[in-house]
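To keep things clear, I will list the structure first and then write my remarks on it.
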Amino acid sequence: MKSCRAVAYLIEVRKLRSKSSENLRFGDFDGVNSLRAVISGILNKYSKYQKLNIHEKLFKIELNKSNSGPLVGRFMSGDYGQAGEIIEATNGKTAHKMKKSEALSEPFCFHIAVPDSEKRGIVCLQQTGLAGVKGIFETAVVGLFETQHPNYRLHVRQLTVSDTLSQLLNNGSVEEIIVEKHEIPSDIADRFGAGNKSYPGKFVYSIQPKTGILAPNILKKDGLIAFAKGERKLEDVFEFDDNGFDVVKTKIRIGEEIKMVNLTKPDSISSSFDISNDVVIGPDGYPTPKSLEVEFNKIVTDLARRGGIRL
């Protein structure tokens, strides 16, 4: 079977031309409606197949009925625009000749968590092989939302370090800071007999205080929290030597788990999860919606915990 992945995104709503710090609470973002109710209404509008010319796709949305909790269901989507043949695998014969106007529809499940009391939520979309429905979601769902509510914008974006770092730091302890320079500085090379000039290579050093109840908090947890919130620059939190840095990483312990975070790559948090070995394949050859929802729930719950989102 093709690989199956769950790809997670952060979802936010705010007024037109407002900053991310001005996100609105989902429960009554426009003073009247909840975001969940509005998105539910939009999803239900696509209960029959629609043609999306910009992506050359046909699609419909099957939304599970529920009055509360996450919005769960699936896109049925397929490409049109090219003629072809559907071949019977058991005998190699042509079972059907597809016209340019026809599409082979496949299922892509989704999970949308937008709790009324929160200003950030999580969208989880299925990806099969290289195919997914992010483009359809943004065009059909986000696009219709902004048509219906022209004074508001719905933002669906990748999770970043700043989305999760504050929560990690508040709930954990900083165990190590690792600094990397992508060359060997001249003064370091000179100490090792290579002459007073820089060389290609890597220079790495780390700070790892002794752990324990009496260990001094020398790794400036408060400063890192301010950095995570965008209030301070990294070089204002720590005094790096004249060699500077190319990469700074930190290890944060939360209970028995250690998280490695790259502080110099704000978009480096992976939000794509391979769940191929965790889902159950149904008689139609596709992962069952029930097994996908189990995995989506795990992922959304973990990301919400890391990002301080109460589901």
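The values are calculated or read from the model by the stated rules, or taken from the named source; none is laboratory data. All of these numbers come straight from a predicted model, not from anything done at the bench. Neighbour counts are summed over all protein chains in view; Cβ atoms, including those assigned to glycine, are modelled from backbone coordinates with ideal geometry.
Values for this structure:
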| read-out | value |
| --- | --- |
| Residue 139 being touching a strand residue (DSSP E or B) at 6+ places or on another chain (Cβ under 7 Å), surrounded by 18 or more Cβ atoms within 10 Å (Cβ to Cβ), in the same structural domain as residue 288 (by TED's automatic domain parsing) and touching a residue at least 24 places away in the same chain (Cβ under 8 Å) | no |
| Boolean, residue 178 is in contact (Cβ under 8 Å) with a residue 24 or more places away in the chain, in a helix (DSSP H, G or I) and under 30 Å from residue 219 (Cβ atoms) | no |
| Options 67, 33; residue that is polar (S, T, N, Q), more than 25 Å from residue 287 (Cβ to Cβ), in a loop (DSSP other than H, G, I, E, B) and at pLDDT 95 or above | 33 |
| The lone exception for residue 59 - which of (1) within 16 Å of residue 134 (Cβ to Cβ); (2) assigned to a strand (DSSP E or B); (3) within 23 Å of the chain's Cα centre (by Cα) it fails | (3) |
| Within the range 212-230, tally of residues that are under 21 Å from residue 20 (Cα atoms) and either of a type in the set (Lys, Arg) or at pLDDT below 70 (or both) | 1 |
| Top-ranked residue of the range 111-135 - restricted to ones that are of a type in the set (A, V, I, L, M) and more than 19 Å from residue 35 (Cα to Cα), ranked as surrounded by the fewest Cβ atoms within 10 Å (Cβ to Cβ) | 130 |
| Any pair with Cβ under 6 angstrom, 6 or more apart, that starts in the range 24-42 at a residue that is assigned by TED's automatic domain parsing to the domain that holds residue 141 and ends at one that is aliphatic (A, V, I, L, M) and in a helix (DSSP H, G or I) | 26/35; 29/35; 42/141; 42/144 |
| Filter pass, residue 264 being assigned to a loop (DSSP other than H, G, I, E, B), among the β-branched types (Val, Ile, Thr) and at pLDDT 80 or above | yes |
